[in-house]
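*Asks:* Got a structure here, written out as structure tokens. Questions coming.
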Ligand SMILES: [Zn+2]
């Protein structure tokens, strides 16, 4: 049976790199992997999944209004059967998108591997991440570390001046802000004033 997998972590843990490696493994074996990414994430170029270590691959870009079950049904109607679907930046999806992917798993019997952030810079779950935590078949944490060596599970947003943002939109794409992944203790310190730009 196909499953819906949620691979989650904080920023800069290497999720996109893992996605690209896993997709490559399918293609190397002659199996078709379908890559998807939200259309408004254009940091690596529209419809491109890029990783910090330089790997990239083209993906199908979908709009916020897209019906992923309909889109994938259409794409699976031509060419080789789709062996696995990979979705990057899952936190940019809507809750409806998550359910559409669940239906792809259940009705089309295609495994779906979703990669995304668990929480935003204020420590709140993204809507899609909350939905994924509720209904995914399997969840896997992609790990990275804080400057202190503990597991980083949180992220702070820094503005151009290196100041910690405590308010603002949950999603900002293409701005000058920078994100730093921290353990819960150091995130708590940063959000409560004990933070200097030099440590970033
Ligand atoms: Zn720490």
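The values are calculated or read from the model by the stated rules, or taken from the named source; none is laboratory data. Since this is a predicted model, take the numbers as computed values, not measurements. Glycine gets a Cβ as well: all are built from the backbone with ideal geometry, and neighbour counts include every protein chain shown.
*Asks:* For the range 132-140, does any single residue satisfy the condition of being surrounded by 14 or more Cβ atoms within 10 Å (Cβ to Cβ), within 15 Å of the ligand (Cβ to nearest atom) and in a strand (DSSP E or B)?
*Replies:* Scanning the range 132-140, I find no residue that is surrounded by 14 or more Cβ atoms within 10 Å (Cβ to Cβ), within 15 Å of the ligand (Cβ to nearest atom) and in a strand (DSSP E or B), so the answer is no.
*Asks:* List the number of the failed condition for residue 125; all other conditions in (1) in contact (Cβ under 8 Å) with a residue 12 or more places away in the chain; (2) away from the ligand (no atom under 16 Å from the Cβ); (3) under 16 Å from the mean Cα position of the chain (by Cα) hold.
*Replies:* Just one mismatch for residue 125, condition (1).
*Asks:* Let me ask something additional. All but one of (1) away from the ligand (no atom under 16 Å from the Cβ); (2) touching a helix residue (DSSP H, G or I) at 6+ places or on another chain (Cβ under 7 Å); (3) closer than 22 Å to residue 19 by Cα hold for residue 109; state the number of the condition that does not hold.
*Replies:* (2)
*Asks:* Of all residues being within 11 Å of the ligand (Cβ to nearest atom) and in contact with a helix residue (DSSP H, G or I) (Cβ under 9 Å, 6 or more places away or on another chain) in the range 187-200, which is modelled with the lowest pLDDT? Just the residue, please.
*Replies:* Step by step, filter the range 187-200, then rank; the result is 199.
*Asks:* Let me spell it out: the conditions are (1) under 30 Å from residue 182 (Cβ atoms); (2) surrounded by fewer than 22 Cβ atoms within 10 Å (Cβ to Cβ); (3) free of Cβ contacts under 8 Å to residues at least 40 places away in the same chain, and residue 120 meets all of them except one. Which number is the exception?
*Replies:* Failed condition: (3).
*Asks:* Considering each residue of the range 35-74, count those that are at pLDDT 90 or above, outside any loop (DSSP other than H, G, I, E, B) and closer than 20 Å to residue 102 by Cβ, and give that number.
*Replies:* 12
*Asks:* Then there is this: Search the range 1-17 for residues being at pLDDT 95 or above and within 16 Å of the chain's Cα centre (by Cα), and hand back the single one that is nearest to residue 126 (Cα to Cα).
*Replies:* Going through the qualifying residues, I end up with 8.
*Asks:* Which is modelled with pLDDT of 95 or more, surrounded by fewer than 22 Cβ atoms within 10 Å (Cβ to Cβ) and within 22 Å of residue 39 (Cβ to Cβ), of 95, 184?
*Replies:* 95
*Asks:* Can you pull out the residues in the range 154-173 that are under 17 Å from the mean Cα position of the chain (by Cα) and more than 10 Å from the ligand (Cβ to nearest atom)?
*Replies:* 155, 156, 157, 170, 171, 172, 173
*Asks:* Working carefully through the options 118, 95, 103, find the one that is in contact with a strand residue (DSSP E or B) (Cβ under 9 Å, 6 or more places away or on another chain) and more than 16 Å from the ligand (Cβ to nearest atom).
*Replies:* Going through 118, 95, 103 in turn, just one is in contact with a strand residue (DSSP E or B) (Cβ under 9 Å, 6 or more places away or on another chain) and more than 16 Å from the ligand (Cβ to nearest atom): 118.
*Asks:* Also, I was wondering about something else. Condition check: more than 14 Å from the chain's Cα centre (by Cα), surrounded by 16 or more Cβ atoms within 10 Å (Cβ to Cβ), under 13 Å from residue 5 (Cα atoms) and modelled with pLDDT of 95 or more. Does residue 112 satisfy that?
*Replies:* No; evaluated as a whole, the condition is false for this residue.
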